[in-house]
Amino acid sequence: MNGLLESTYGLAWKLAIPLLSRHRRLREGLDERTLKSGLPDQARVWIQAASGGEAYLAWEVLRNLRPPAGGLSVLCTTNTSQGLGVLRRAAGSGDLAPGLSVQTRYFPFDAPGLMERAVAAAAPEVAVLLESELWPGFMAACRRHGTRVLLANGRMTEKSLAGYRRFPGAAKLLSPDFVLAMSPEDARRFEKLFGRERVALMPNIKFDRLARSTAPGDENPLAELVSPDTDFVVLGSVRREEERQVAEMLAGLLARAPRTVVGLFPRHMERVESWLRRLTRAGVPCVRRSGLSAPAAPGTVLLWDVFGELGMAYGLARAAFVGGSLAPLGGQNFLEPLGLGTPTVVGPHWENFAWVGRALLELGPLREARDGGAVLEALLAFLNRPLDREGVRRAVLGYAASRTGGAAAVCGRIAQWLENT
């Protein structure tokens, strides 16, 4: 980053941090984001995962890392509390190789001064950014300290590419040392920006995670919330822009299948209160998940106000809708319920997951619906003609099996760079 640009960028952050400090989701971990609580310990590898989804990808990378003699220290950072929870579980899990030492923290605000201090303290030899994160302050600090930067599981939309190309200097300033792209389309976009010699194709790490999915068992801690003889439908990761359609769909579902219990998961927790008001005005029986300790009565909406339970809920559901797909938002992760054997419906907007391929729709457990009304019909069809959960799992995991290897590809590049430092 040249001096003028860095000064301007730093000034923008100086003005922004007081405002961001009042942001509901950023207040948590503020001292780590601003380094007031101290600096990270030294780590040979720094892995940055934006939120919960990317943190699970980081977990797959950690599972595949093989420390050299003497061990390997890794710093894992994230921007959200959900992501930090996942990273902490990964660090404490028993499936990491001996000799791997993992510290977890919030990612500092990208102000050049903060990033200079953080990178100098951690002194990583390799930095791994997951999916689409290109942080100017972080990357400039890495460049100054000789840290090689890998963008892994890289994705880039045409809109993002057009934005970068409007500013000719951006590509040079934000250029990682290498990009491992998740699809041929993403690879071509990165090549236009950074050059063909810096880009290669890799399998998407999400397939690795899907292939590791295990069948839900009796130990599911949410089992006591839904009676085994009750149809349970999950509406997961619902975004604000699609709430009206989802509300209409939900009303239709309870009208036509009145003994169903519905688990409603807003994508962002601050939408819980709005949903509570909406459902109360509509006369829909509704209870907060945090207030439920006995099986929900048929015809009830469970409004989820507890983090980290969406996957477990998918494991109990007879059918699921995955949001972010009824409005042009790109879609949320529909592979998670499928990997647990749950028939799943998405809207027409799942561009963020186009890499999965439309061939998955031909297997049957995944259906695409044009609008909220069509989603309702698809969910009712799954309830009226239930699919065998284990059969769903086998079909989906078989689809994923030939597409795994992304985490190993990332770890191969990390090992190569560490050996050559």
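The values are calculated or read from the model by the stated rules, or taken from the named source; none is laboratory data. Everything numeric here is computed off the predicted structure, so don't read it as measured data. Glycine gets a Cβ as well: all are built from the backbone with ideal geometry, and neighbour counts include every protein chain shown. Each accessible area value is taken on the protein alone, full model and side chains, heavy atoms only, with ligands, DNA and RNA left out. Shrake-Rupley method; radii C 1.70, N 1.55, O 1.52, S 1.80 Å.
Only bridges whose two residues both fall in the chain count here: according to DSSP, what percent of them are antiparallel, nearest 5?
Values: 0 of 48 bridges.
In the chain, approximately 0 percent of DSSP beta bridges are antiparallel ones.
Tell me which GluC sites (Glu not before Pro) from the range 188-265 have a DSSP coil assignment and no more than 14 other beta carbons within 10 Å of their own. Write down the numbers at each step before the final one.
On the way: sites: E191, E197, E219, E224, E241, E242, E243, E248; in loops: E219.
Here the sparse-neighbourhood loop sites are E219.
Just to verify a number: what accessible area does K14 come out at with the full protein assembly present, 1.4 Å probe, Å² rounded to tens?
150 Å²
Add +1 for every Lys or Arg and -1 for every Asp or Glu among the other residues with Cβ under 12 Å from the Cβ of A415, and state the total. Don't skip to the end; give the middle numbers.
On the way: positive: R44, R66, R413; negative: E125, E419.
Counting the neighbours of A415, the net charge comes to +1.
Can you send over the carbon and sulfur percentage of the accessible area for the range 77-134, probe radius 1.4 Å, protein chains only?
Working: 920 of 1800 Å².
Carbon-and-sulfur percentage of accessible area, whole number: 51.
Below 8 Å between Cα atoms, with a sequence gap of 6+, how large is the relative contact order for the range 289-421 in percent?
Details: 164 pairs, mean separation 27.0, N = 133.
This gives 20 percent for the range 289-421.
Using a 1.4 angstrom probe with every protein chain in place, what is the largest-first accessible-area order of D95, D388, D208? Let's see the in-between values first.
Numbers: D95 60, D388 95, D208 15 Å².
Order by accessible area, largest first: D388, D95, D208.
Going by accessible area, probe 1.4 Å, with all protein chains left in place, what is the ranking of L4, L151, L292, largest first? Intermediate values should be presented prior to the final figure.
Working: L4 140, L151 0, L292 30 Å².
From most exposed to least exposed: L4, L292, L151.
Note down the Stokes-Einstein diffusion coefficient of the range 272-419 in µm²/s, whole number, using a Kirkwood radius over alpha carbon pairs, 4 °C, and 1.567 mPa s. Numbers along the way, then the final one.
Details: Rh = 17.4 Å.
Once the numbers are plugged in, D ends up at 74 µm²/s.
Under unit Cβ charges (Lys, Arg +1; Asp, Glu -1), what dipole magnitude, rounded to 20 debye, does the chain have relative to its Cα centre? Please list the in-between numbers first.
Numbers: 52 positive and 42 negative charges, 159 e Å.
In debye, rounded to 20, the chain gives about 760.
Let me spell out the model: positive unit charges on the Cβ of Lys and Arg, negative unit charges on the Cβ of Asp and Glu, origin at the Cα centre of the range 83-193. What dipole size does that give, in debye rounded to 20?
Values: 15 positive and 11 negative charges, 58 e Å.
With Lys and Arg at +1 and Asp and Glu at -1, about 280 debye.
How high is the relative contact order of the range 67-190, in percent, with contacts defined as C-alpha pairs under 8 Å that are six or more residues apart?
Result for the range 67-190 is 20 percent.
With every atom except the alpha carbons ignored, what do you get for Rg and Dmax of the range 51-171, in angstroms?
When restricted to the Cα atoms of the range 51-171, Rg and Dmax are 15.2, 47 Å.
What residue among T34, T78, T280 shows peak mean-square fluctuation when the chain is described by a Gaussian network model with Cα springs under 10 Å?
T280
Enter the Cα centre distance for the pair the range 401-421 and the range 307-379, rounded to the nearest angstrom.
For the range 401-421 versus the range 307-379, the Cα centre distance is 30 Å.
With a 1.4 Å probe and every protein chain left in place, work out the accessible area per residue of the range 64-172 in Å², rounded to a whole number. Don't skip to the end; give the middle numbers.
Details: 4360 Å² over 109 residues.
Accessible area per residue, the range 64-172: 40 Å².
Between R89 and R188, what length comes free when the chain is fully extended (0.36 nm per residue of separation minus the Cα-Cα distance, one decimal in nm)? All intermediate terms of the calculation are to be shown ahead of the outcome.
Details: separation 99, 0.36 × 99 = 35.64 nm, distance 3.52 nm.
Fully extending the segment from R89 to R188 adds 32.1 nm.
At 1.4 Å probe size, with the rest of the protein present, what percent of the exposed accessible area of the range 286-393 is carbon and sulfur atoms?
Working: 2070 of 3950 Å².
Within the range 286-393, the accessible surface is 52 percent carbon and sulfur.
Per-residue ellipticity at 222 nm for the chain, helices alone: DSSP H runs ≥ 4 residues times -39500 (n - 2.57), over residue total, nearest 500 deg cm²/dmol? Before the final figure, lay out each step's value.
Details: 18 runs with 180 residues, N = 421.
Rounded to the nearest 500, it is -12500 deg cm²/dmol.
Net charge around R385, counting only other residues with Cβ within less than 15 Å of its Cβ (Lys, Arg = +1; Asp, Glu = -1)?
Numbers: positive: R256, R318, R367, R389; negative: D231, E377, D388.
For residues surrounding R385, the net value is +1.
Quick one: pull the percent of accessible area on the range 220-282 belonging to carbon and sulfur, 1.4 Å probe, ligands and nucleic acids left out.
On the way: 1360 of 2960 Å².
So the carbon and sulfur contribution to the accessible surface is 46 percent.
Please give the net charge around E185, taking every other residue with its beta carbon less than 10 angstrom from that of E185, where Lys and Arg add +1 and Asp and Glu add -1. Could you put the intermediate results ahead of the total?
On the way: positive: R155, R188, R189; negative: E158, D186.
Result for the neighbourhood of E185: +1.
Over the range 330-421, average the accessible area per residue using a 1.4 Å probe and give it in Å², no decimals.
Numbers: 3800 Å² over 92 residues.
Ligands and nucleic acids excluded, the result is 41 Å² per residue.
Compute the orientation-averaged projected area for the chain from the convex hull of its Cα atoms and round it to one decimal in nm².
Working: hull surface 82.4 nm².
Mean orientational projected area (the chain, Cα hull): 20.6 nm².
Of T147, T157, T80, which has the most accessible area with a 1.4 Å probe, and how do the rest follow in descending order?
Numbers: T147 10, T157 60, T80 30 Å².
Heavy-atom accessible area, descending, gives T157, T80, T147.
Over the chain, what is the mean sequence separation of C-alpha contacts under 8 Å (at least six apart), divided by residue count, expressed as relative contact order in percent? It would help to have the intermediate numbers written out before the result.
On the way: 806 pairs, mean separation 56.2, N = 421.
Reported relative contact order: 13 percent.
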